Amino acid sequence: INMNFRYMMSQVVVNLSTSDEGSTDRVNIDGNTEVEIENACRDGWIDIHTRAIGKFGGDRGYKMTKVKDKNTQRHDAIVPQLLTGSGITDLVFKITVKDNNGNVTDIYRATVKDIPVYVADANGHTTGSPESITKWEAGKKYIYNLKVTKTQISITATITDWETKITEDVEIWL
């Protein structure tokens, strides 16, 4: 008996990075940082012979799991699905940065379909140029390297008296 096993899910890996220590646009990425896939289908079906994407249902949105001992990596097996189109709202990576007390300090979003993807061989070596994809397919692994930085905004506010003083003699009749 010959048995052929196939992965029916898509594997999605997100590697987070930021600017070097001391840089003004550095983001504090650690174990408290959450990565979610907004608008992602959490259940549906896949044709067992062709591995084609079937109908979806259920909740949308997916919180990715932190890789043990790696504060900057998230991964999960995701239902294969379209990244956009067919009435589906675009899938978005939502990165929520939290402080040590669990308070949200920053939120960043990246539309998944807009991120170019390199094709890799079975050993993980990439060749060629990145390409745009429209769906996550069954049995494929997608690795996204997201560099999260913030733009420094400097605001100075000064309160002063009005400089123009108007003095005028006016006769008022009562």
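Any read-out appearing in this document is the output of simple, stated calculations on the displayed coordinates, not a laboratory observation. On a predicted model such as this, the values are computed, not experimentally measured, just so you know. Virtual Cβ from ideal backbone geometry, glycine too; neighbours counted across all protein chains shown.
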Completion exercise
Sorted on mean Cβ neighbours within 10 Å (highest first), peptides 73-79, 4-10, 127-133 come out as 73-79, 4-10, 127-133
Fill in the blank from the handout: Taking 0.36 nm per residue of separation between Asn145 and Ile115 and subtracting their Cα-Cα distance, the length gained on full extension comes to 9.8 nm
Problem - Set of segment 1-20 residues, backbone N closer than 12 Å to the point 7 Å along the Cα-Cβ line of Val67 - result: 12-17
Completion exercise
Descending packing, highest mean Cβ count within 10 Å first, for 96-106, 27-37 is 27-37, 96-106
Exercise for the section: Give me the orientation-averaged projected area of the Cα convex hull of segment 66-111, in nm², one decimal. Expected result: 4.5 nm²
